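Report on the following structure.
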Amino acid sequence: MKTIFLFGIVSIVLCARGLAQETFPGGIVYGPKAAFKIDAPAGWVLDNSAGAEQGLPCVLYPKGSTWSDANAIMYAKIAGTDYEDVRKFVAMAIQQMEKVHGKPKEKVDSGKTGDGQPYFINEYPATKSYSQWERVAYIQLPKAVAYIVFSARDEASYRKNFPVLKLFA
């Protein structure tokens with residue numbers, strides 16, 4: 001009886017996890033001065049709870065993995081109220097990242113989002129002191145700055161997955 005009960009609980013948990021991954025094909029990222037809609041790319045999951053303890057209300061990762069074990073992840077946020085201009089926000093972000101990550105490859109891509117907002121993408125390759133491979137899309141919104149961070153644990157995962165970041169633009 002105990003084995004059947006335990007098997008039943010495991011089955012419910014696994015089914016709920018599978019359903020949760022299908023539950024969020026998209027969402028809205030809210031910030032202090034703006035909000036924007038985001039959709040999970042094909043083969044990815046949008047999760048509004050897995051990154052909450054890290055202050056990340058919108059995280060994405062490939063289906064079949066989790067936020068904690070995925071080789072490639074993304075998260076979306078809106079900058080604080082101090083930043084309404086994307087150039088000022090990026091200057092601050094680069095200054096902070098240079099200490100750990102070195103100088104980025106700036107503006108490896110740019111354009112306009114589907115609703116006409118300008119964006120650009122910077123690349124932050126891994127270094128000896130920071131092993132993550134990253135790309136960040138910075139989007140100028142009216143009176144706010146949105147950003148989507150793509151991060152991979154290794155170069156192979158980075159090369160395989162970074163094109164999904166372009167899908168948001």
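The values are calculated or read from the model by the stated rules, or taken from the named source; none is laboratory data. Treat the numbers as computed from the prediction; the structure is a model and nothing was measured. Methodologically, a virtual Cβ is constructed for each residue, glycine included, from the backbone with ideal geometry; neighbour enumeration extends over all protein chains shown.
The table below gives the values:
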{"quantity": "Per-region count, segment 39-80, residues basic (Lys, Arg), in a strand (DSSP E or B) and farther than 15 Å from SER151 by Cα", "calculated": "0"}
{"quantity": "Any hit, segment 128-137, residues being touching a residue at least 40 places away in the same chain (Cβ under 8 Å) and under 26 Å from GLY31 (Cα atoms)", "calculated": "yes"}
{"quantity": "Unmet requirement for ARG17, which otherwise passes all of (1) assigned to a helix (DSSP H, G or I); (2) closer than 19 Å to LEU141 by Cβ; (3) basic (Lys, Arg); (4) at pLDDT below 90", "calculated": "(2)"}
{"quantity": "First in segment 108-126 and at positive phi, second anywhere and hydrophobic (A, V, I, L, M, F, W, C), Cβ under 6 Å, 6 or more apart", "calculated": "GLY111/ALA169"}
{"quantity": "Scan of segment 94-107 for residues that are assigned to a loop (DSSP other than H, G, I, E, B) and either within 19 Å of the chain's Cα centre (by Cα) or without any contact (Cβ under 8 Å) to a residue 24 or more places away in the chain (or both), ordered by number", "calculated": "LYS103, PRO104"}
{"quantity": "Count of residues meeting criterion [surrounded by fewer than 16 Cβ atoms within 10 Å (Cβ to Cβ), in contact (Cβ under 8 Å) with a residue 12 or more places away in the chain and of a type outside the set (Asp, Glu)] in segment 81-93", "calculated": "1"}
{"quantity": "ASP115 part of a loop (DSSP other than H, G, I, E, B), in contact with a Lys or Arg (Cβ under 9 Å, 6 or more places away or on another chain) and more than 21 Å from TRP67 (Cβ to Cβ)", "calculated": "yes"}
{"quantity": "Some residue of segment 142-159 being touching a Pro at 6+ places or on another chain (Cβ under 9 Å) and part of a strand (DSSP E or B)", "calculated": "yes"}
{"quantity": "Flag for ARG153 being surrounded by fewer than 19 Cβ atoms within 10 Å (Cβ to Cβ), free of Cβ contacts under 8 Å to residues at least 24 places away in the same chain and within 20 Å of ALA70 (Cβ to Cβ)", "calculated": "no"}
